[in-house]
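The values are calculated or read from the model by the stated rules, or taken from the named source; none is laboratory data. It should be emphasised that the depicted structure is a prediction, and the values quoted were computed from it without experimental measurement. Note that each Cβ is placed from the backbone with ideal geometry, even for glycine, and that neighbours are counted across all protein chains shown. Heads up: the accessible areas ignore ligands, DNA and RNA and are worked out on the full protein's heavy atoms, side chains in. Shrake-Rupley method; radii C 1.70, N 1.55, O 1.52, S 1.80 Å.
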Amino acid sequence: MTSLSDLPIRDDLRGQTPYGAPQKAVRIALNVNENTHPVPPEVIAHVAAAVERALHDVNRYPDREFTLLREHLSAYLSAGGASPIVGPEQIWAANGSNEVIQHILQAFGGPGRRVLGFPPTYSMHSIIAAGTGTAWVTGERDAEFTLTPDTAVAAVRRTDPDVVFLCAPNNPTGTPLGLDTIAAVYEASRGIVMVDEAYAEFMPAGQPDALSLLPGRERLVVSRTMSKAFAFAGARLGYLAADPAVIDALRLVRLPYHLSGLTQAAAVAALEHAPTMLRTVGAIREQRDRLLVELARLGFAPHDSWANFVLFGGVSDPQATFEHLLEHDILIRDVGLPNHLRVTAGTPAETTEFLDVLARMNP
Ligand code: PMP
């Protein structure tokens, strides 16, 4: 049998591990921070009709510029009035924000260049760095996984990165990130500063997000996704907002027609129902806050979270707890932090079952 090491693979990929969230068929999947509420039936009908219409043109390549989708994403980001208007010329999209992030590193990272991240953070950031031949360099965090302007700026000065990845709120810790830290990192750096806001919709209502920092900052990029609050993970649609010049740079590295006509049609149709798609966000925030209270009551040490998941410490044997939950058909995530596990806030019934199984383990 041929093994990977027998192949003429790139030297810098030897010994690397692929993205590893286990995919198992379980009744209660609280492991990859999806929205566990299904898409409302009226939206399913609307998306299905849009995809059917798109199928009539599927003999042709799709709109390479995904014009209609960019208009809808622009309208979505600009709705509500809290953030500045983000025009369609400031929008980029791809098959999940993972691909958006890959485009950023293909254009602004690459061999001989460095991207700075602040672990523990989203595992794909360093994996995409490896895939694009970008050196992954790291900075420290402050107490409770926070990141103050001083600490972040010190890391920028020490490593002089071409790209900085910030994650707000941070995965896997849930930790909020202050706009002061983002602004300070931007001032201190010469490169692209990307804020991964995959979980932005779960932040407290009315809280300013990184979009508010975009005006006048042409090296700032804010990435988002329809995979979390929007309940559209299986459709694969991520996007970013940035200066139009950044979008021009991304056109240099994307494959032509990277967003299929069916994906574009489905995403546009879902965005036409944005308020319906997002109506579970309040309920999910409630379950997250319930997890924070109840996990502490059970003797664990949950960390503050502005996302749709909770990282909790005080787990004496994470592997045993993980396995015990799995025996009850509940899948959560061991993110590799000693004595910690991470759980996604599910429906009220899912959260109840998770807490009940844990409580019976720790009487
Ligand atoms: N960024 C963060 C912080 C995430 O947690 C995730 C998904 N786990 C992603 C990006 C990628 O999401 P997607 O590719 O589905 O948009």
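Measure out, as a whole number of angstrom, how far apart the alpha-carbon centroids of the stretch 244-276 and the stretch 22-36 sit.
Rounded to whole Å, the Cα centres lie 26 Å apart.
In the stretch 41-272, what % of DSSP beta bridges are antiparallel (nearest 5)?
40 percent
Just to make sure I understand: if all protein chains stay in place, what is the order of 71, 327 by accessible area at 1.4 Å, largest first?
So the residues, ranked largest to smallest area, are 327, 71.
Along each of its three principal axes, how wide is the spread of alpha-carbon positions in the chain, in whole angstrom units, largest first?
Principal-axis extents of the Cα atoms in the chain, largest first: 58, 56, 53 Å.
Taking 7 Å along the Cα-to-C-beta vector as the label spot, tell me the residue 190-residue 6 distance in nanometres, rounded to one decimal.
4.7 nm
Only Cα pairs within less than 10 Å get springs; with that Gaussian network setup on the chain, which residue of 88, 40, 119 has the largest fluctuation?
40
For the stretch 41-272, with all protein chains present and a 1.4 Å probe, just round the carbon and sulfur fraction of the accessible area to a whole percent.
Percent of accessible area from carbon and sulfur atoms in the stretch 41-272: 55.
How large is the accessible surface of residue 124 in square angstrom, using a 1.4 angstrom probe and rounding to the nearest 10?
Accessible area, nearest 10 Å²: 30 Å².
Quote the charge dipole size of the chain about the Cα centre in Debye, to the nearest 20; the model charges only the Cβ of Lys and Arg (+1) and of Asp and Glu (-1).
In total the dipole reaches around 440 debye.
Quick one: the Cα spread of the stretch 235-363 along its three principal axes, in angstroms, biggest first?
Here the spans come out as 56, 32, 27 Å, largest first.
For every helix of n ≥ 4 consecutive DSSP H residues, a contribution of -39,500 (n - 2.57) applies; sum these over the chain, divide by its total residues, and give [θ] at 222 nm rounded to the nearest 500 deg cm²/dmol.
Computed mean residue ellipticity for the chain: -11000 deg cm²/dmol.
Please list, in order, the residues from the stretch 195-235 whose amide nitrogen is less than 15 Å from a point placed 7 Å along the Cα→Cβ vector of residue 85.
215
For the stretch 41-272, build the charge dipole from Cβ charges (+1 Lys, Arg; -1 Asp, Glu) around the Cα centre, then report which of 195, 253, 75 sits farthest towards its positive end.
My answer, from the dipole projection, is 253.
With charges set only on the Cβ (+1 for Lys and Arg, -1 for Asp and Glu), what does the dipole of the stretch 24-82 come to about its Cα centre, in debye to the nearest 20?
240 debye
Rg and Dmax of the stretch 20-82 over Cα atoms: what are they, in angstrom?
According to the Cα coordinates of the stretch 20-82, Rg and Dmax are 16.9, 41 Å.
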